[in-house]
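Just below is one structure, and these are the notes that go with it.
The values are calculated or read from the model by the stated rules, or taken from the named source; none is laboratory data. Please read all numbers here as calculations on a predicted model, not as lab measurements. Because the Cβ atoms are built from the backbone with ideal geometry, glycine has one as well, and the counts that use them run over all protein chains shown. For the accessible areas, the whole protein counts, side chains as well, though only heavy atoms, and no ligand, DNA or RNA atoms are used. Shrake-Rupley method; radii C 1.70, N 1.55, O 1.52, S 1.80 Å.
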Amino acid sequence: MIGCGGIAMGKHLPALAKIPEAQAVAFFDVALDRGHEAKNKFGTHDARVYSDVYELLRDPEVHVVHVCTPNDTHAEISIAALEAGKHVLCEKPMAKSAADARRMMETAERTGKKLSIAYQNRFRADSRWLHQACRAGDLGEIYVAKAHAVRRRAVPTWGVFLDLEKQGGGPLIDIGTHALDLALWMMDNYEPKTVLGSSYRKLAEQGSDANLWGKWDPSKFTVEDSAFAMITMKSGATVWLESSWALNTLDTDEAKVSLMGTKAGADMKNGLRVNGEEHGRLYTQEIQMSGDFGGNAGPDDAAEHEARSWINSILEEREPVVTAKQALVVQEILEAIYESANKGQAISFI
C-alpha cells in the first residue's frame, strides 16, 4: 500500500482484508507513523513499513501495488511499480494529466502487468444492474447521458484537495471523474468528438461557515469550485457533465447518471428507475436494490466488489473491469474540459 491516508484506511485496506488470497505485506507513506498505523491494523505479522517507496518496489514478496497518493504522483509511482514487475491499482483520477495517463497505459502494455484505476462506483449494485441492462440492449441506443457529481457545500478541507499543483483540479477531477466514468461505461462509448466546458471559482473566494468539513481558507483554495461540460461523441451522442463541491442548488447527486435511449431511459436520481413506453402507455419502474445482487455482496459493498474483482483479474489472468484504456479516455476528456474552460472555446478530438 503506497499512501496510507484516508482512502487507503477507509476503502482499500478494509476491502482487501476480506479477500483471503490477498495479504498486506508492505506499506509506505510520507508520514512514517501512518505507515505503521496501517501495518498494525491491516498488515501481516511480518509486514514491512518502508521510508523509501522505491525500496518497497524492490521487495520481491510484493506482487501487487495500490497507489493512494496525491494526483501529481500517480504516474511516477505507478510507472515505477509496473517497471518493477508489480500489478497496479491506482486511485482515481488516473493521473494529473492525460500525457502522464498515457505513459502509464503504455508502460503496462510493454511490461505485461495489469493496470487498473479505482472507479469503485462501477461496483455498486445499482451500477452493475444498470450496466447489465445497457449491455442487454434494454435501453436501445443510448444517445444522451447526464453525469451528476454535485455537492451543495462539501468542500474537502484536509490534505491537498484544494492544491491545484498537486491535484490538477477540484471537483471535476475529484468527483466529476466518477460520474463521467459511469456514463461512458454505461454507454460503452469511448470516442469523444468535441468538448465545451466551463469552470467557476465563485464560492471558493467567499468561504463558507456551512461547509460539511469546516470553513476553507479562500487563499489556499486554488482549484475550481464547480465545472460543467457538454461532450459530443463521434457517434453523435451527447454527455452532459456537472460537478461541484460548492454550489447554490438543492439538486445534488454524486456518482450518478441519467441515460436516455431509443427503447427506454434510466436514472439514479431517486433510487434506480427505468422509464419508457409500453402498450400505448408511459411507465416508470423502480428497481429494488435491497439484498444481494446475483449472489454477490450487497449495495454497500462496492469496495469489496472492487477488491475481489481486481484480485481475481490477476489470479485468473483476465482483463480488469476498469481498463487503462477506458480510464485514459476519461482523463483526456477531463483535461479537454479544463482546456476549454481556460480558452473559452470548444476543444476537438478530431
Could you list, in sequence order, the residues of region 110-157 that are within 30 Å of residue 86 (Cα to Cα), open to solvent by 60 Å² or more (accessible area, probe 1.4 Å) and touching a residue at least 24 places away in the same chain (Cβ under 8 Å)?
113
Does residue 55 satisfy being of a type in the set (D, E, K, R), part of a helix (DSSP H, G or I) and closer than 23 Å to residue 181 by Cβ?
no
Before we move on, is residue 114 under 19 Å from the mean Cα position of the chain (by Cα) and under 27 Å from residue 203 (Cβ atoms)?
no
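Answer with yes or no whether residue 107 is more than 30 Å from residue 219 (Cβ to Cβ), at pLDDT 95 or above, buried (at least 20 other Cβ atoms within 10 Å of the Cβ) and among the polar types (S, T, N, Q).
So residue 107 passes the test.
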Every residue from region 194-211 that is open to solvent by 80 Å² or more (accessible area, probe 1.4 Å), touching a strand residue (DSSP E or B) at 6+ places or on another chain (Cβ under 9 Å) and within 15 Å of residue 162 (Cα to Cα):
200, 202, 206
In region 215-251, what residues are of a type in the set (A, V, I, L, M, F, W, C), in contact (Cβ under 8 Å) with a residue 40 or more places away in the chain and within 30 Å of residue 350 (Cα to Cα)?
223, 227, 229, 231, 233, 237, 239, 240, 241
Only residues that are within 24 Å of residue 76 (Cα to Cα), of a type outside the set (Lys, Arg) and in a helix (DSSP H, G or I): list them for region 17-46, please.
32, 33, 35, 36, 38
Condition check: among the aliphatic types (A, V, I, L, M), modelled with pLDDT of 95 or more, part of a strand (DSSP E or B) and farther than 25 Å from residue 318 by Cα. Does residue 49 satisfy that?
yes
Scope region 195-220; condition over 30 Å from residue 125 (Cβ atoms) and under 22 Å from the mean Cα position of the chain (by Cα); matching residues:
195, 196, 197, 198, 199, 200
Under the condition of being closer than 30 Å to residue 207 by Cβ and among the hydrophobic types (A, V, I, L, M, F, W, C), which residue from region 231-265 is surrounded by the fewest Cβ atoms within 10 Å (Cβ to Cβ)?
250
Which condition does residue 63 not pass, out of (1) touching a strand residue (DSSP E or B) at 6+ places or on another chain (Cβ under 8 Å); (2) surrounded by 17 or more Cβ atoms within 10 Å (Cβ to Cβ), if it passes all the others?
(2)
Please work out which one of (1) at negative phi; (2) in a loop (DSSP other than H, G, I, E, B) is the condition residue 236 fails and give its number.
(1)
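Evaluate the following for residue 18: is it over 23 Å from residue 313 (Cβ atoms) and at pLDDT 95 or above?
No: the conditions fail for residue 18.
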Residues of region 266-284 being open to solvent by less than 60 Å² (accessible area, probe 1.4 Å) and of a type in the set (Val, Ile, Thr), in sequence order, are 274
Qualifying residue in region 287-304 (condition: open to solvent by less than 90 Å² (accessible area, probe 1.4 Å), more than 26 Å from residue 266 (Cα to Cα) and either modelled with pLDDT of 95 or more or in a helix (DSSP H, G or I) (or both)):
no
